[in-house]
């Protein structure tokens, strides 16, 4: 029994050490951001690799999520004769919740895992050690640009996801199900508030961008420098980032809409 | 002859002091290791020390080989010299600077004068050969593009790979990748180059090329070279001085000639690659016949 407790305490100790390392890593990478101003080219390269390469999955997912929302929403609202509110339902669901959350989950799966694998492999192939021996800080040179690119990319991807979702909902509602086009758009325009709804979505996507990029890069940097270690780190990124997104979504929603 | 003015006298005496200090410094070893101990941080705490109070001097301008079987901590020792790891006890001094007292900035300043050739080459995989060699120059200097280009060509010419400047690391053979890594290691004209297993996995031609390069670069650039390896013959043929490591201790040291003539059975087994001897073929275990008899019962 005491052995079990001992092992449990050691695991807890190990977890706290890892959390501590994660905090130091965050401060270290944030310290590298000012040095990126004269070399913004490095961030642009990463914006392309992280953001542009995630566009396809985000756009397709956004379109289908909007279409499904349109279908499901119509079937529910039509019973109450409120199908003209479908535009509001689709827009609010996407702007407040589904846009930031689903885009962030897709981002964690697509770009987050790629970031972890890339940094983990750089570690395994001694590229990061090589940089240190060339007196170049690998966190500032390699990780800070990726973090900033991830942080900038996700809110933009969320906006694209939401926009295409709304169009997906429109496509199902108006041409396919015959909802009145004027009612669809005008109700949406009247009921979606910029500060309350859109701003809350933006805040969520900014927080998710920060957290997912941090988790992905830390997992890569802290990975055991073997193929198995990199594989485990990639899995951990997707699991931890997804849980963090869902947990933070609840906290942020409670803070913004709970009262 | 004009009488020297007090100002001139002072300048000459300052120069003399400077020269003496510089001569004294040149006579001192570039790397001095004393009572070194090192322990890895395991998942649940500190592991036992890898070294048992190692003492080691690396003199300027020499090729010093550190030989020993796998797992003796040769690469760890190289990383301690490069400041990538910190000693648990004892001290490591490089060019008169004790590494444990240096902050990050000081360590990076020192590392600009140290090149390292990693076992894997450690080339940046998303950059061409040219960009890899230019990387440290661009990171640490503000030289005009044309000058950087000329410098990179000079370094690549020195390793015989100027023609491969546009290739990506994935397109290079193992030997070529190490030569590019060597060009990058000498890009900032370091005082010392650390070689981590430079000959491992190389064909005879690549091995010959690397041996020639290590020897020639050491002479022409007046470098100090530290070669960590378990390729005995190749390393002994280029080294000026050899340290043999085993089980956390220096078990032999001297010129290659002295090492070859050493009486120690362990050294002889290691040099000749004999399968059995002081290092037994069998990992310690219960006698096999006892185990078999026990299994029959």
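The values are calculated or read from the model by the stated rules, or taken from the named source; none is laboratory data. Model, not experiment: these values are computed from the prediction. Please note: Cβ atoms are built from the backbone with ideal geometry, for glycine as well, and neighbour counts cover all protein chains shown.
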Next on the checklist: Given (1) closer than 24 Å to residue A:212 by Cβ; (2) more than 14 Å from chain B (Cβ to nearest Cβ); (3) surrounded by 15 or more Cβ atoms within 10 Å (Cβ to Cβ), identify the lone condition not met by residue A:86.
Outcome noted: (1)
Next on the checklist: For residue B:77, only one of the following conditions fails: (1) at pLDDT below 90; (2) closer than 28 Å to residue A:224 by Cα; (3) within 19 Å of the chain's Cα centre (by Cα). What is its number?
Outcome noted: (1)
Checklist entry - Inside the stretch A:219-232, can you point out the residues that are touching a helix residue (DSSP H, G or I) at 6+ places or on another chain (Cβ under 8 Å) and more than 15 Å from residue A:111 (Cβ to Cβ)? => result A:221, A:222, A:223, A:224, A:225, A:226, A:227, A:229, A:230
Checklist entry - In the stretch B:169-183, which residues are away from chain A (no Cβ under 14 Å) and in a loop (DSSP other than H, G, I, E, B)? => result B:173
Item to check | Residues located in the stretch A:19-43, provided they are in a helix (DSSP H, G or I), loosely packed, with under 13 Cβ neighbours inside 10 Å and either within 14 Å of chain B (Cβ to nearest Cβ) or in contact (Cβ under 8 Å) with a residue 12 or more places away in the chain (or both) | outcome: A:20, A:24, A:27, A:41
Next on the checklist: Return the residues of the stretch B:136-156 that are at the interface with chain A (Cβ under 8 Å from one of its Cβ atoms) and touching a helix residue (DSSP H, G or I) at 6+ places or on another chain (Cβ under 7 Å); say none if nothing qualifies.
Outcome noted: B:136
Checklist outcome for this item: By residue number, the members of the stretch B:108-135 that are over 19 Å from residue A:125 (Cβ atoms), at the interface with chain A (Cβ under 10 Å from one of its Cβ atoms) and either in contact (Cβ under 8 Å) with a residue 12 or more places away in the chain or in contact with a helix residue (DSSP H, G or I) (Cβ under 9 Å, 6 or more places away or on another chain) (or both) are B:108, B:110, B:111, B:112, B:113, B:114
Item to check | Residue within the stretch B:35-45 that is closer than 17 Å to residue B:100 by Cβ, surrounded by fewer than 11 Cβ atoms within 10 Å (Cβ to Cβ) and at pLDDT below 90 present | outcome: yes
Item to check | Tabulated pairs, the stretch B:262-277, first without any contact (Cβ under 8 Å) to a residue 40 or more places away in the chain, second in a helix (DSSP H, G or I) and surrounded by 10 or more Cβ atoms within 10 Å (Cβ to Cβ), C-beta under 7 angstrom, 6+ apart or interchain | outcome: B:267/B:259; B:271/B:232; B:271/B:260; B:277/B:265; B:277/B:269
Checklist entry - Can we say residue A:134 is free of Cβ contacts under 8 Å to residues at least 60 places away in the same chain, closer than 21 Å to residue A:35 by Cβ and within 24 Å of the chain's Cα centre (by Cα)? => result no
Item to check | Subset of the stretch B:184-220 that is part of a loop (DSSP other than H, G, I, E, B) and within 12 Å of chain A (Cβ to nearest Cβ) - its residue that is farthest from residue B:140 (Cα to Cα) | outcome: B:197
Next on the checklist: Which residue is farthest from the other protein chains (Cβ to nearest Cβ), if the candidates are limited to the stretch B:80-101 and must be within 16 Å of residue B:191 (Cβ to Cβ) and in a loop (DSSP other than H, G, I, E, B)?
Outcome noted: B:96
Item to check | Residue in the stretch A:119-133 that is in a helix (DSSP H, G or I), in contact with a strand residue (DSSP E or B) (Cβ under 7 Å, 6 or more places away or on another chain) and crowded, with 18+ Cβ neighbours inside 10 Å present | outcome: yes
Checklist entry - Tally time: how many residues in the stretch B:262-295 are more than 22 Å from residue B:234 (Cβ to Cβ) and outside any loop (DSSP other than H, G, I, E, B)? => result 9
Checklist outcome for this item: Filter the stretch A:140-197 for residues that are outside any helix (DSSP H, G or I) and in contact (Cβ under 8 Å) with a residue 40 or more places away in the chain; the one that is nearest to residue A:38 (Cα to Cα) is A:192
Item to check | Selection count where residues are in contact (Cβ under 8 Å) with a residue 40 or more places away in the chain, surrounded by fewer than 21 Cβ atoms within 10 Å (Cβ to Cβ) and within 14 Å of residue A:133 (Cβ to Cβ), scope the stretch B:66-107 | outcome: 2
